[in-house]
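J.: Before I ask anything, here is the structure I am working with.
The values are calculated or read from the model by the stated rules, or taken from the named source; none is laboratory data. Predicted, not measured: the structure shown is a model, and the values here were computed from it. Note: ideal-geometry Cβ built from the backbone for every residue, glycine included; neighbour counts use all protein chains shown. The area values use the complete protein model at the heavy-atom level, side chains included, leaving out ligands, DNA and RNA. Shrake-Rupley method; radii C 1.70, N 1.55, O 1.52, S 1.80 Å.
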Amino acid sequence: MSTNALTLAQRSNFLPVTPLGYPWWRERSLTLLAGEFFGLDREARLFRALAGPRAGQRWLDAGTSTGFYAGVLAGCGCQVDAADLSAGMLRQAARRHPSPLISWRQVNLERSGWEADTYDGITVGATLNETACPALFLAEINRLLRPGGGLWLMYVTHAPGPAQTAFGHLGGLHFPDLAWISRHLPGLTLEHATQSGVVQFALWRRSS
């Protein structure tokens, strides 16, 4: 897969060392960003309580990295397409979350070419911050979501100060707010949002 059009943050995921170290970071990142203890168990409970994944549903984990949300969904009995740009991330994810309910797929979800209205639900864990064109990414996952389906986003939201400006210039990262995201999800309604530090969790629902 060509990396020419990707952000520096995305390209870093193709380095051999990144998939090996990412699980360590993923387990600790929300605690650092939230300013309070926020482990993976707490994140999983919040997601299950608000998004309500059910056995037999078909979900997309967009930007799965090492498979955290894919594993949670499979544990709920959902069929999961876990997608990522990086083959190394997908290999690590498959080792960490072996399940016949998960299909691991290497694809750029800014332009998947997949059939519309495919998924009962979609999870996005921080990929929105890294993707080269967040507007295209949101348009594509909106297209893939079935009527009545839920879209769960976890991402770092906008905060004043020089740090995010520097990360934006150097790494190509984006830090959207709820209003910007809502404008780019026509047909979806914000159903729930909760924030801890700069970490935003939000659930949108596509109209039936």
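J.: Residue 32: touching a Gly at 6+ places or on another chain (Cβ under 9 Å), over 23 Å from residue 150 (Cβ atoms) and surrounded by fewer than 17 Cβ atoms within 10 Å (Cβ to Cβ), yes or no?
T.: Yes.
J.: Does residue 142 count as touching a strand residue (DSSP E or B) at 6+ places or on another chain (Cβ under 7 Å) and modelled with pLDDT under 95?
T.: no
J.: Consider residue 25 against the criteria (1) more than 23 Å from residue 200 (Cα to Cα); (2) of a type in the set (Phe, Trp, Tyr); (3) free of Cβ contacts under 8 Å to residues at least 24 places away in the same chain: it satisfies all of them except one. Which criterion is unmet?
T.: Of the numbered conditions (1) more than 23 Å from residue 200 (Cα to Cα); (2) of a type in the set (Phe, Trp, Tyr); (3) free of Cβ contacts under 8 Å to residues at least 24 places away in the same chain, the odd one out for residue 25 is (1).
J.: Within the stretch 1-18, track down each residue that is within 20 Å of residue 105 (Cβ to Cβ) and either touching a helix residue (DSSP H, G or I) at 6+ places or on another chain (Cβ under 9 Å) or in a loop (DSSP other than H, G, I, E, B) (or both).
T.: Within the stretch 1-18, 1, 2, 3, 5, 6, 10, 13, 14, 18 meet the criteria.
J.: Do we find a residue being at pLDDT below 95 and assigned to a loop (DSSP other than H, G, I, E, B) anywhere in the stretch 19-35?
T.: yes
J.: Which of the residues belonging to the stretch 114-131 are without any contact (Cβ under 8 Å) to a residue 60 or more places away in the chain and among the charged types (D, E, K, R)?
T.: 115, 117
J.: Among the residues of the stretch 51-84, which ones are in contact (Cβ under 8 Å) with a residue 60 or more places away in the chain, crowded, with 22+ Cβ neighbours inside 10 Å, of a type in the set (Gly, Ala, Ser) and within 17 Å of residue 145 (Cα to Cα)?
T.: Hits for the stretch 51-84 are 51, 62, 63.
J.: If the requirement is being touching a strand residue (DSSP E or B) at 6+ places or on another chain (Cβ under 7 Å), in a loop (DSSP other than H, G, I, E, B) and at pLDDT 95 or above, which of these qualifies: 61, 117, 81?
T.: 117
J.: In the set 48, 42, 111, 95, which member is open to solvent by 30 Å² or more (accessible area, probe 1.4 Å), without any contact (Cβ under 8 Å) to a residue 60 or more places away in the chain, out of contact with any His (no Cβ under 7 Å at 6 or more places or on another chain) and not in a helix (DSSP H, G or I)?
T.: On inspection, the qualifying residue turns out to be 111.
J.: Would you pick out the residues in the stretch 84-113 that are of a type in the set (A, V, I, L, M, F, W, C) and either within 25 Å of residue 201 (Cβ to Cβ) or out of contact with any strand residue (DSSP E or B) (no Cβ under 9 Å at 6 or more places or on another chain) (or both)?
T.: Passing the criteria: 85, 89, 90, 93, 101, 102, 104, 107, 109.
J.: Please verify whether residue 151 is of a type outside the set (Val, Ile, Thr), outside any helix (DSSP H, G or I), crowded, with 22+ Cβ neighbours inside 10 Å and touching a strand residue (DSSP E or B) at 6+ places or on another chain (Cβ under 7 Å), treating the condition exactly as stated.
T.: yes
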